[in-house]
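First the structure, in the form of structure tokens, and then the observations on it.
Since every read-out is calculated from the coordinates, none of them should be taken as a lab result. Keep in mind the model is a prediction, meaning the values are calculated, not measured. Counting neighbours? That spans all protein chains shown, and the Cβs are built from the backbone with ideal geometry, glycine included.
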Amino acid sequence: MSPDRLGLLNRISKPVVVAATTAILIIGCAKDDDSNGSGGRTAAEALAAGWDAFETGDYATAHSNFTEATGLDSRLSDAYNGLGWSSGRMPGRLSEAGTHFGRSLGLDTTRYDALGGWAFAVYQSGDYAAAIAKADSLLRRRPGWRFLHQQTIDFRDVKLMMAAAWYQTGNYSASYAVVQELNPAFEADVRTPSGRRELMEEIERLRRIYG
């Protein structure tokens, strides 16, 4: 309390001083309980708010909440995972997503949602070899993976992404093998230009189903 404030209180009658002091203490305690630089929320509460916003498609708000959570607890793997997913959905922030996913996995190697998100992010950036490696790592460790916060995204989307990545690298036989896992009835001779065209058309057809 400033000297001017103390001087003012000293000129007030004792009963008023007691009442005022009590009020100040109550206000001060309330402020301390409700303020840690984040409006009083815990890291877990900010994290939950982030996923709530993400699930409604408000990625900017989600990103802000996840950032708050990491500020409150820099070891919170799932908050960096959330930053990765929300960054990947925001224009111009794709490279940032990879950084966050890497941080998340550095804190928790079993954060499979982060590994899946990272695979999609590097695919979108054009690094097809890295996308294949990360997708393969995810499917080996979690064959039936499903993204917790958007359950329409699952292992089939990962496989389809792998098929597209193999196609982009020119490994048509590997791409064909993955597509057949998703649709065993599909057949094409990928040694021929027409067969490769059919393969790409099937990848696009499956993308409309799983995407």
Item to check | Flag for residue 40 being without any contact (Cβ under 8 Å) to a residue 60 or more places away in the chain and under 14 Å from the mean Cα position of the chain (by Cα) | outcome: no
Item to check | Unmet requirement for residue 173, which otherwise passes all of (1) in a helix (DSSP H, G or I); (2) surrounded by 15 or more Cβ atoms within 10 Å (Cβ to Cβ); (3) of a type outside the set (A, V, I, L, M) | outcome: (2)
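Name the one entry in 130, 135 that is in contact (Cβ under 8 Å) with a residue 24 or more places away in the chain, among the hydrophobic types (A, V, I, L, M, F, W, C) and within 24 Å of residue 174 (Cβ to Cβ). Break it down into steps so the answer makes sense when it comes.
Working: 130 fails: in contact (Cβ under 8 Å) with a residue 24 or more places away in the chain.
The match here is 135.
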Checklist entry - If you check residue 142 against the conditions, is it surrounded by 16 or more Cβ atoms within 10 Å (Cβ to Cβ), in contact with a Leu (Cβ under 7 Å, 6 or more places away or on another chain) and either closer than 30 Å to residue 48 by Cβ or among the basic types (Lys, Arg) (or both)? => result no
Checklist entry - Exactly one of (1) among the hydroxyl-bearing types (Ser, Thr, Tyr); (2) over 21 Å from residue 151 (Cα atoms); (3) touching a Lys or Arg at 6+ places or on another chain (Cβ under 6 Å) is unmet by residue 99. Its number? => result (3)
Checklist entry - Quick one: is residue 191 in a helix (DSSP H, G or I) and either in contact (Cβ under 8 Å) with a residue 12 or more places away in the chain or of a type in the set (Lys, Arg) (or both)? => result no
Checklist entry - Restricting attention to region 106-119, does a residue exist that is surrounded by 20 or more Cβ atoms within 10 Å (Cβ to Cβ) and more than 17 Å from the chain's Cα centre (by Cα)? => result no
Checklist entry - Among the residues of region 85-97, is there at least one that is within 11 Å of the chain's Cα centre (by Cα), touching a residue at least 60 places away in the same chain (Cβ under 8 Å) and crowded, with 23+ Cβ neighbours inside 10 Å? => result yes
